[in-house]
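**Student:** Take this structure first; my questions come after.
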Amino acid sequence: MTTTQRIRVLIAKPGLDGHDRGAKVLALALRDAGIEVIYTGLRQQPAQIASAAIQEDVDVVGLSCLSGAHNVLFPRVVELLREQGAGDILVVGGGTIPEHDIPGLQASGVQALFGPGSSIADIVDYIREHAPQRS
Amino acid sequence: MPAELVEKMLTGDQRALARLVSAVERQSAEVPEIMQRITPMLGHAYCIGITGPPGAGKSTITDRLTAYARQQGKTVGIVAVDPTSPYSGGAILGDRIRMQQHYLDAGVYIRSMASRGHHGGLSRAAKGVIKLLDAFGKDLIIVETVGVGQTELDIVAAADTTVLILVPESGDAIQTIKAGIMEIADLFVINKADRDGVERLQRDLQMMLHIRHASDGWCPPVLGTQAHKDIGIVELHEAITTHRRKLSETGQLATRRQQNRRQELLDLLQQQLMATLTAQFDDGEAHSGLLEQVEEGTVDPYTAAQQMLVENDDLWR
Ligand SMILES: Nc1nc2c(ncn2[C@@H]2O[C@H](COP(=O)(O)OP(=O)(O)OP(=O)(O)O)[C@@H](O)[C@H]2O)c(=O)[nH]1
Ligand SMILES: [Mg+2]
């Protein structure tokens, strides 16, 4: 039997901002890079994101937040995933993240952050290189 | 590894279920063991297939049917299929967006699947996933497919009740709609009934369906819904229940499921024999030169095939 490993990524928008253009552009870029993207829609609570990530058995969760609440919302998603035995899922974040917030977020388990200066290609490359290999 | 995961899954662990679904989806070598372990638990769930053209409202209807079933205390598993991009092999799976109200409900498991292109592969995986959800204990399983192509037909054939969702604008399309689905659907829904053209489509459908009526004793009802406003959902649920009752009472449910299992076995054998044969051909040594003679055109393929089947009885071992 053939075994096909395909990267699965959940793109989620925690918080209250109503802009998902960036998230949609990223979703398209990931798809064009051969990745399966699950898009969950706007205004998601961390608990909803964690639950979707677990049900979908994704390798990566990409969080996008433009509302400024990333310091609360991103670590909460990591925490919930860990609580539910899914700490091996790679969590990355993007949006309006100021430089000085990055170390704190990384310490909380958000492994990579892509602020306003990052290119879509950088994010795609990072995900392809760092998505955990599963058996 | 599969033993542990199956054990955990059977205690209600969603993460274990999700891992098993992935194993089935990528057709891992563990699939036979997984299937062997869960087979004693199967047969409880009732499976509804939802199909129809892009944008017809399949996800919205799945979402509303789920909400209704939850009100009745039933647990629900959802498999939502979206197409894989033929260019990159990637996919955007967006059906979930319409199902947000269920994200935090432990009684609902939603899984998005990409069609992944290769023929037969999707239906094989989807059937496996349906079984996992059944073993997990779901009362109701809803499979949403894209309404084009042969693989989708295969998946809906795995369902107990198949619902075809159309919209008023589908009027002209039903003439050309993939032959097969009109025959396979047990229920017809005209969604977006808030738009013009409902009566006409309803008339056209009913005319087509009358011809079918005689053959299997079930005249598929044609219902109107406005899924985004929750209109017609209770009636749709009722119609599904009526169909289910009719299948049970006439023994057709058992027959259908038997036929599906039989087909599954045939498909599996075919696939494995094919793999063995292909390997033998690639090997080059088998068939005492017959292959070369066919390639050169000195022996016809019919004669060669017959001879190979006789000589090649190790194919069956
Ligand atoms: N006017 C109207 N719009 C509806 C109705 N039901 C659903 N919609 C809208 O139709 C759009 C498509 O609905 P979906 O449920 O995503 O359709 P789908 O068939 O699952 O789409 P795909 O999975 O992409 O093929 C959404 O914007 C819905 O809100 C309805 O009864 N009337
Ligand atoms: Mg859909």
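**Student:** Dimensions of the protein assembly as shown along principal axes (Cα, Å, largest first)?
**Tutor:** That works out to 76, 62, 42 Å along the principal axes.
**Student:** Something else about it: Between the helical axis of B:198-216 and the dominant principal axis of chain B, each derived from Cα atoms, what acute angle in degrees is found, rounded to the nearest 10?
**Tutor:** 50 degrees
**Student:** Taking H as built 1.01 Å from N, whose amide H comes closer than 5 Å to the amide H of B:Ile231, not counting residues under 5 places away?
**Tutor:** B:Gln226
**Student:** Can you grab the distance from the C-alpha centre of the range B:76-103 to the C-alpha centre of the range B:245-289, Å, no decimals?
**Tutor:** 28 Å
**Student:** Between B:Asp230 and B:Leu42, 0.36 nm times their residue separation minus their Cα-Cα distance comes to what?
**Tutor:** Values: separation 188, 0.36 × 188 = 67.68 nm, distance 3.19 nm.
Full-extension gain reported as 64.5 nm.
**Student:** Rg/Rh for the range A:8-130 to two decimals, with Rh computed the Kirkwood way over all alpha-carbon pairs.
**Tutor:** Rg/Rh for the range A:8-130 comes to 0.91.
**Student:** Counting alpha carbon pairs within less than 8 Å and at least 6 residues apart, what relative contact order, in whole percent, applies to chain A? Don't skip to the answer; put the middle values down first.
**Tutor:** On the way: 219 pairs, mean separation 33.9, N = 135.
With pairs under 8 Å counted, the relative contact order is 25 percent.
**Student:** Hey, another quick one. Measure nothing but the geometry: give the 0 to 90° angle between the long axis through the Cα atoms of A:70-83 and the longest principal axis through the Cα atoms of chain A, rounded to 10°.
**Tutor:** 40 degrees
**Student:** While we're looking at this one, here's another question. Mean-square fluctuation check for chain A, GNM, Cα pairs under 10 Å: which of A:Pro14, A:Pro103, A:Pro75 is largest?
**Tutor:** Its mean-square fluctuation being the largest, the pick is A:Pro103.
**Student:** What residues have an amide H closer than 5 Å to that of B:Val143, excluding those fewer than 5 places away on the same chain, when H is modeled at 1.01 Å from N in the peptide plane?
**Tutor:** Long-range HN contacts for B:Val143: B:Ile48, B:Gly49, B:Ile50, B:Val79.
**Student:** Mind ranking A:90-102, A:48-60 by how tightly packed they are, going by the mean number of other C-beta atoms within 10 angstrom, highest first?
**Tutor:** Numbers: A:90-102: 18.5, A:48-60: 24.4.
With the highest mean Cβ count within 10 Å placed first, the list reads A:48-60, A:90-102.
**Student:** Choose one answer from B:Val81, B:Val294, B:Val24: the residue with the largest mean-square fluctuation in a GNM of chain B with alpha-carbon springs under 10 Å.
**Tutor:** Largest GNM mean-square fluctuation: B:Val294.
**Student:** Ok, one more. Quick one: if the Förster radius is 56 Å, what FRET efficiency do A:Asn71 and B:Glu199 give, using the C-beta to C-beta distance and rounding to 0.05? Don't skip to the answer; put the middle values down first.
**Tutor:** Details: r = 56 Å, r/R0 = 1.01.
It comes out at approximately 0.50.
**Student:** Find the Rg to Rh ratio for the range B:1-41, where Rh is the Kirkwood radius over alpha-carbon pairs and Rg uses the same atoms. Present the calculation step by step, with values, prior to reporting the outcome.
**Tutor:** Numbers: Rg = 9.1 Å, Rh = 9.9 Å.
With Rh from the inverse mean 1/r over Cα pairs, Rg/Rh is 0.92.
**Student:** Given a Förster distance of 56 Å, report the FRET efficiency between A:Ser119 and B:Gln306 from their Cβ-Cβ distance, rounded to the nearest 0.05.
**Tutor:** Numbers: r = 62 Å, r/R0 = 1.10.
So, using R0 = 56 Å, E works out to roughly 0.35.
**Student:** Follow-up question, since we're still on this one. Evaluate the relative contact order of the range B:15-133 (contact order divided by residue number), counting alpha-carbon pairs under 8 angstrom at least 6 apart; express in whole percent.
**Tutor:** Working: 113 pairs, mean separation 37.6, N = 119.
Once divided by the residue count of the range B:15-133, the mean separation gives 32 percent.
**Student:** Compute the angle between helix B:233-250 and the longest alpha-carbon principal axis of chain B, please, reported from 0 to 90 degrees and rounded to the nearest 10.
**Tutor:** 50 degrees
**Student:** Continuing with this model, one more query. Tell me, what is the percent relative contact order of chain B, built from C-alpha pairs under 8 Å that lie six or more residues apart? The partial results should precede the final answer.
**Tutor:** Numbers: 440 pairs, mean separation 54.6, N = 317.
With pairs under 8 Å counted, the relative contact order is 17 percent.
**Student:** A further question on this structure: Provide A:Lys24, B:Lys138 in ascending order of the number of other Cβ atoms located within 10 Å of each residue's Cβ, fewest first. Intermediate results must be reported in sequence, preceding the final value.
**Tutor:** Working: A:Lys24 16, B:Lys138 24.
So the residues, fewest neighbours to most, are A:Lys24, B:Lys138.
**Student:** Quick one: Karplus J couplings for the range B:190-195, per residue in order, coefficients 6.51, -1.76, 1.60, θ = phi - 60°, nearest Hz, x for Gly and Pro?
**Tutor:** For the range B:190-195, the Karplus curve yields 9, 8, 6, 5, 6, 9 Hz.
**Student:** So what's the projected area for chain B, the Cα convex hull averaged over all directions, in nm²?
**Tutor:** For chain B, the mean projected area of the Cα convex hull comes to 20.0 nm².
Coordinate-derived values only; no laboratory data. Values in this document were obtained by computation on a predicted structure and should not be read as measured data. FYI the Cβ positions are ideal-geometry reconstructions off the backbone, even for glycines, and counts take in every protein chain you see.
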